[in-house]
């Protein structure tokens, strides 16, 4: 099999307080972070799959922009359970949408107002 010409390896968040986002996302995604200190410039969350991409959190003095042009879509087993966890961890619910065919998703923000969506994808 031929190697792909390009591959997503990391989705990077700029943050003035990356530890806050690491706590939030490592809990939501149930993954661990590489060891880090308060001076670490980049903090990485481990991929969920051996060849999967990782989330990175880059320490910056000030975020460039509060308007996100990219967001994450996350498949979950239980929308209500994850929404509750997001709220407990300091996130926000922005919008709940359910189509006539039953497909449902939620637009949420993490504690630093980075948008993401959750949708029910997995079945037991």
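Secondary-structure-derived ellipticity at 222 nm for the chain, considering helices only, amounts to -5500 deg cm²/dmol, per-run term -39500 (n - 2.57) for DSSP H runs with n ≥ 4. For the peptides 20-28, 82-90, 48-56, residues were scored by their other Cβ atoms within 10 Å and the scores averaged per peptide; the highest-first order is 20-28, 82-90, 48-56.
Considering region 8-62, its Cα convex hull presents a mean projected area of 3.6 nm². Counting every C-alpha pair in the chain, the share spaced more than 24 angstrom apart comes to 32%. For the chain, a Gaussian network of Cα nodes joined below 10 Å ranks 73, 113, 100 by mean-square fluctuation, and the top entry is 100. With no solvent and one equal point scatterer placed on each C-alpha of region 30-85, evaluate the Debye formula and give log10 I(q)/I(0) for q = 0.14, 0.24, 0.31 Å⁻¹, two decimals. With one equal scatterer per Cα and no solvent, log10 I(q)/I(0) is -0.59, -1.15, -1.17. Calculate I(q)/I(0) for region 56-121 by the Debye formula, one identical point scatterer on each C-alpha and no solvent, and give its log10 at q = 0.14, 0.20, 0.22 Å⁻¹ to two decimals. Each listed q corresponds, in turn, to -0.46, -0.84, -0.96.
Laboratory data are not the source of any read-out in this text; all were calculated from the coordinates shown. The model shown is predicted, which means the values in this text are computed figures rather than measured ones. A quick note on method: Cβ atoms are made from the backbone with ideal geometry, for glycine too, and the neighbour counts reach across all protein chains shown.
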